[in-house]
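Dumping the structure here so I can ask a few things about it.
The values are calculated or read from the model by the stated rules, or taken from the named source; none is laboratory data. Owing to the predicted nature of the structure, the values given are computational and were not obtained by experimental measurement. So basically every Cβ, Gly included, is an ideal-geometry build from the backbone, and we count neighbours across all protein chains shown.
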Amino acid sequence: MADHDSYSDAHLRSVLREVKSIAVVGASSNPNRPSSFVTKYLAQKGYRVVPINPGHAGREIAGAVAQASLADLHQPVDMVDVFRRVEALPGVAEEIRAMTMPPSVVWFQLGIRDDEIAARLEAEGMTVIQNRCPKIEYARLCGEIAWTGFNRRTISAKKPILAKGYQSFTLGDKR
């Protein structure tokens, strides 16, 4: 089982580079909700994002049609990003385990951690990241978050790679 108290920058960077598609469980159409702007940000970074929310199924969120559940996915995804309360994790984990083609990565958002569920998913070959946000980690690792004055714990003499869009950096892949 992975050490869920600490993830190396190299590990997080590797995960974010290898993943190409993300199902966001609990995605919201409300632009004031974190799950909405994280979904939109990931889509803008070039990931194929599929919002999962039964209350918004069939509607568009961040440029993609929302599905009611993971079972309704039409294509496999590389990562499932979970924006649900910790009480909902057992059900979400069962949905993930029941997927025809399970993801290689399961990511539990900030404040969400369950080591028992993480161990079960890891035993089935999935990488699990807990209590982190892929948007924050992406921005920190590529240098975007440094503009706001945060210590991003990454020191480099390399100039960040500018991507398309206004002040948009990338992790260095071809997104």
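Restricting the search to region 28-44, which residues are buried (at least 23 other Cβ atoms within 10 Å of the Cβ) and either over 19 Å from Leu70 (Cβ atoms) or touching a Cys at 6+ places or on another chain (Cβ under 8 Å) (or both)?
Answer for region 28-44, where residues must be buried (at least 23 other Cβ atoms within 10 Å of the Cβ) and either over 19 Å from Leu70 (Cβ atoms) or touching a Cys at 6+ places or on another chain (Cβ under 8 Å) (or both): just Val38.
Continuing with the same structure: Please identify the pairs in which a residue from region 112-128 that is without any contact (Cβ under 8 Å) to a residue 24 or more places away in the chain has its Cβ atom under 9 Å from the Cβ atom of a residue that is surrounded by 13 or more Cβ atoms within 10 Å (Cβ to Cβ) and not aromatic (Phe, Trp, Tyr), counting only partners at least 6 apart or on another chain.
Gly125/Pro102; Gly125/Ser104
So, one more: Among Gly46, Gly58, which is the only one that is modelled with pLDDT under 95, in a loop (DSSP other than H, G, I, E, B) and more than 28 Å from Leu171 (Cα to Cα)?
Criteria check complete, one pass: Gly58.
Can you confirm whether Asp9 is surrounded by fewer than 18 Cβ atoms within 10 Å (Cβ to Cβ) and either touching a Ser or Thr at 6+ places or on another chain (Cβ under 9 Å) or touching a residue at least 60 places away in the same chain (Cβ under 8 Å) (or both)?
Against the criterion (surrounded by fewer than 18 Cβ atoms within 10 Å (Cβ to Cβ) and either touching a Ser or Thr at 6+ places or on another chain (Cβ under 9 Å) or touching a residue at least 60 places away in the same chain (Cβ under 8 Å) (or both)), Asp9 qualifies.
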